[in-house]
Structures are given as C-alpha cells and as structure tokens.
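Novice: Dropping a structure here in structure tokens format, bear with me for questions.
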Amino acid sequence: MHEMSLVAGLFEQLKDLAAENKATKVVKVTMEIGPLCGVVVDSFEFGFEILSSQEPLFKDAELVIEIPEVTYTCTTCQHKEVIAGPRPDECAKCGEFFLTPKGGDDLILKQVEME
C-alpha cells in the first residue's frame, strides 16, 4: 500500500512546516487528491489515521480530502464532460469509448491549520 508511504512523506513535510512556524499541533490538513493520480482515498485516510495516532504533533488532526473535477473530451465529436467521480464509460453525446482526460492527476497539500 503506497498510500502509507505517501502519508509518511506528508508528515515529514508537515513537521518541517510546524518547526518553521513554531507550531506544536497540526489541527487540520486539507488535501486535493485527483481521481487519476493513482491514490486510493480510503487507503490514504487509513494511513493518515494510523500514523497520526502515533505522533503527538498530529494526534486528533482532521483530514479533509477534496476530489477535483476532471474534463473528459471525446476523441470523435470533441464533446466535453466535467466529472468529479469515476471516469465515464463512453461519450454522452456519440457513444465513443475513447475519452481524453484533462486534470485530476495531482496530489496537493492545499492547507494546514496549526497551533
């Protein structure tokens, strides 16, 4: 489960931010996890929960996950469909199966609240 190593890396980044800002507690972490970035959100949340319970700096920290929209363009008719959920199986306009995605492939630390 590579999400656990992603959370561990996030915590290292947050430790540096906390030290720079002389914070003793991370209260809330907001992440943007694109549906095409290869991260399983449930596994990321699980990793965050497990690792945060072991570190006083992150104990009881809230994790907020935002899923951005992805624009899918049909390769045949150029119809665009904007979706925040799973990839559509086909073009809603012409039924073509080949859709080109744009966006939704990032994993971004958007906001951190510290005390």
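Novice: Tell me, which strands (runs of 3 or more DSSP E) lie completely within region 66-115 with 2 or more residues that are under 25 Å from residue 7 (Cβ atoms), in contact with a helix residue (DSSP H, G or I) (Cβ under 9 Å, 6 or more places away or on another chain) and hydrophobic (A, V, I, L, M, F, W, C)?
Specialist: Filter on region 66-115 gives 107-114.
Novice: Moving to a separate point now. For region 8-38, how many residues meet the condition of being assigned to a loop (DSSP other than H, G, I, E, B), surrounded by fewer than 19 Cβ atoms within 10 Å (Cβ to Cβ) and touching a strand residue (DSSP E or B) at 6+ places or on another chain (Cβ under 7 Å)?
Specialist: Residues flagged as assigned to a loop (DSSP other than H, G, I, E, B), surrounded by fewer than 19 Cβ atoms within 10 Å (Cβ to Cβ) and touching a strand residue (DSSP E or B) at 6+ places or on another chain (Cβ under 7 Å) within region 8-38 amount to 5.
Novice: Now a separate question. Pick out the one residue from 43, 5 that is hydroxyl-bearing (Ser, Thr, Tyr), surrounded by fewer than 15 Cβ atoms within 10 Å (Cβ to Cβ) and assigned to a helix (DSSP H, G or I).
Specialist: 5
Novice: Return the total of residues in region 32-50 being in contact with a helix residue (DSSP H, G or I) (Cβ under 8 Å, 6 or more places away or on another chain) and among the charged types (D, E, K, R).
Specialist: Final tally of qualifying residues: 0.
Novice: Looking at region 48-63, can you tell me whether even one residue there is surrounded by fewer than 12 Cβ atoms within 10 Å (Cβ to Cβ), in a strand (DSSP E or B) and hydrophobic (A, V, I, L, M, F, W, C)?
Specialist: There is no residue in region 48-63 that is surrounded by fewer than 12 Cβ atoms within 10 Å (Cβ to Cβ), in a strand (DSSP E or B) and hydrophobic (A, V, I, L, M, F, W, C).
Novice: May I ask you to list the residues in region 74-105 that are out of contact with any Asp or Glu (no Cβ under 9 Å at 6 or more places or on another chain) and either surrounded by 12 or more Cβ atoms within 10 Å (Cβ to Cβ) or free of Cβ contacts under 8 Å to residues at least 24 places away in the same chain (or both)?
Specialist: 78, 80, 81, 87, 89, 94, 95, 101, 102, 105, listed by residue number.
The numbers here are math on the coordinates, done by the rules we state, and not lab data. Everything numeric in this text was worked out from a predicted model, so none of it was measured. Heads up, the Cβs are rebuilt from the backbone with ideal geometry, glycines too, and the neighbour counts pull from every protein chain shown.
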